[in-house]
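This report refers to the structure that appears directly beneath it.
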Amino acid sequence: MARYTQRFVVAAPAATLQQHIAEALQACELPVVYSTDDYVLAQEATGRVAFSKLVTVEVLIHQPDDRADRVELTCVTKNDELPLKRANHCRTIADLVAGAFKSRTAWQVLDSSDGFF
């Protein structure tokens, strides 16, 4: 199973954060299928790639109690594909999502890091 984890610390208004996350994922052709106050799940639509390569993106929203102006987002991009090559479909989508999050004008990215598993 391919799995790529990215962490973003953003300065964003809490009231519109969910909407901006959904828009960033939609720009990557990953429609949101489930959402709560601290979690967003998006899945790649069927038809373009093999079923085992379909990507799921989970965004966990960590809003610290002491800092209302900073939000930490943990983004996990995964699929059932074996990551036998560095350039695989899941990695491509993970890079696309990271680019979409970093280029959002609705928030300011204060820090980001990648952890590839």
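May I ask you to list pairs of residues, at least six apart or on different chains, whose Cβ atoms are under 7 Å apart, with the first in the stretch 104-117 being under 18 Å from T92 (Cβ atoms) and exposed (fewer than 11 other Cβ atoms within 10 Å of the Cβ) and the second being at pLDDT 90 or above and hydroxyl-bearing (S, T, Y)?
Sorted first by the residue in the stretch 104-117, then by its partner, the pairs are F117/T5.
For residues that are touching a helix residue (DSSP H, G or I) at 6+ places or on another chain (Cβ under 9 Å) and not in a strand (DSSP E or B), scanning just the stretch 30-49, find the one that is farthest from S103 (Cα to Cα).
So, considering only residues that are touching a helix residue (DSSP H, G or I) at 6+ places or on another chain (Cβ under 9 Å) and not in a strand (DSSP E or B), the one farthest from S103 (Cα to Cα) is V49.
So in the stretch 1-12, with the set limited to residues that are of a type outside the set (G, A, S) and surrounded by 13 or more Cβ atoms within 10 Å (Cβ to Cβ), which one is farthest from K85 (Cα to Cα)?
Selected residue: V10.
Across the stretch 50-75, which residue is farthest from I93 (Cα to Cα) among those that are outside any helix (DSSP H, G or I) and of a type in the set (G, A, S)? Working first, answer last.
As a first pass, look at the stretch 50-75 and keep what is outside any helix (DSSP H, G or I): 50, 54-75.
Then drop every residue that is not of a type in the set (G, A, S), which leaves 50, 68.
Working: A50: 14, A68: 30 Å.
Among those that are outside any helix (DSSP H, G or I) and of a type in the set (G, A, S), it is A68.
Scan the stretch 30-54 residue by residue and report those that are without any contact (Cβ under 8 Å) to a residue 40 or more places away in the chain and within 11 Å of the chain's Cα centre (by Cα). So that I can check it myself, show each step before the final result.
From the stretch 30-54, those without any contact (Cβ under 8 Å) to a residue 40 or more places away in the chain are 31-43, 45-48, 50-54; that's our starting set.
Across the stretch 30-54, the qualifying residues are V32, Y39, V40, L41, A42, Q43.
Of A11, A27, which residue is more than 13 Å from the chain's Cα centre (by Cα), closer than 20 Å to S112 by Cα and in contact (Cβ under 8 Å) with a residue 40 or more places away in the chain?
A11
The values are calculated or read from the model by the stated rules, or taken from the named source; none is laboratory data. All of these numbers come straight from a predicted model, not from anything done at the bench. Cβ sites come from the backbone with ideal geometry, for glycine too, and all protein chains shown count toward neighbours.
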